[in-house]
Structure formats: C-alpha cells, structure tokens
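Enquirer: Sharing a structure, written as structure tokens. Questions coming.
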C-alpha cells in the first residue's frame, strides 16, 4: 500500500516504533544474559519491565487513533541485534564485554529517542495530541534510562582507572 497522506505515514512510523519496542524489550532480556555485572543486570531487568509498559502505551496510541499497526518494512533493529550477537561473542575480556554492552545500549537508546521525537512532532502535525502525550512519557522513560547507562559507563571506567 502506497502512503498517500500524513496520517498513513504516521501509522507506518508508529508501527515501526512498536516493532522497535518489541525488539528492544527482547534485546534487554538477551543482553542481561551476556553481562555478569549485577548493577547492569538489574538495570536491564528494570528496563525490560518498563519496555513492556511502553508497548502498552504504543498500543493505546493505536486505540486512540482507531488504527491497527501495519507491517513494518524495515530491518534496522534485526540487523542491530544480529551485529550485537556476532560482535559480543568475539569479545572475551569481561570488562571489554561490559563496556561493549553498555555502549550498544547507549546506541540503541539514542536511536529510539530520535524515533520518539519525530513521532511526537508527527502526532502534533496530524492532530493526535493525546498520542503525543503518551509518546512523550515514553521518551521521558528513554531519557532516564539513557542517563542511567551513561552513569554506569562512567562508574565502570572510573573503577578501571582506580585499578578495581
């Protein structure tokens, strides 16, 4: 189906966001199995819990606009996860694996934040202000997790510098 108007494009973008949320939720669970650090595991488990709530918010967005998700066309997240699996399995040093995992989390979070910012603007453009509110709360959750990951990276690098 060709996208003809902003509303159809909005539904497509929202569908892509939903697919990304599903993949990200599974990714957080999988990533937890790769890390030994208890603080990171705990953060990932919490993020997975919150990601499930975000999926519910996205589903509520579809309900508000009286639409169903369409089949997403992209493979961005699938490729991201495939590359992560390949690369992390090549890293043997536990500290290096931890740093790599945190860096990839940071990449994913920033990618997702960009999607939310674009969709919030699109929600306003298409007159779906309630959807914009739901998306903004999800973006706030992403911002909080991004800050937490940034702090974990800094703490772990400081531990390394101190010889821990």
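Enquirer: So if I check each of 90, 115, 45, which one is within 18 Å of the chain's Cα centre (by Cα) and over 21 Å from residue 151 (Cα atoms)?
Expert: Step by step, each of 90, 115, 45 is checked, and only 115 is within 18 Å of the chain's Cα centre (by Cα) and over 21 Å from residue 151 (Cα atoms).
Enquirer: Which of the following residues is closer than 21 Å to residue 8 by Cα and modelled with pLDDT of 85 or more: 58, 54?
Expert: It is 58.
Enquirer: Quick one: which of 138, 43, 122 is at pLDDT 90 or above and more than 17 Å from residue 7 (Cβ to Cβ)?
Expert: 138
Enquirer: Residues to consider are 85, 98; find the one that is assigned to a helix (DSSP H, G or I), crowded, with 19+ Cβ neighbours inside 10 Å and either touching a helix residue (DSSP H, G or I) at 6+ places or on another chain (Cβ under 9 Å) or touching a residue at least 40 places away in the same chain (Cβ under 8 Å) (or both).
Expert: Within the list 85, 98, the selection yields 98.
The values are calculated or read from the model by the stated rules, or taken from the named source; none is laboratory data. All of these numbers come straight from a predicted model, not from anything done at the bench. Because the Cβ atoms are built from the backbone with ideal geometry, glycine has one as well, and the counts that use them run over all protein chains shown.
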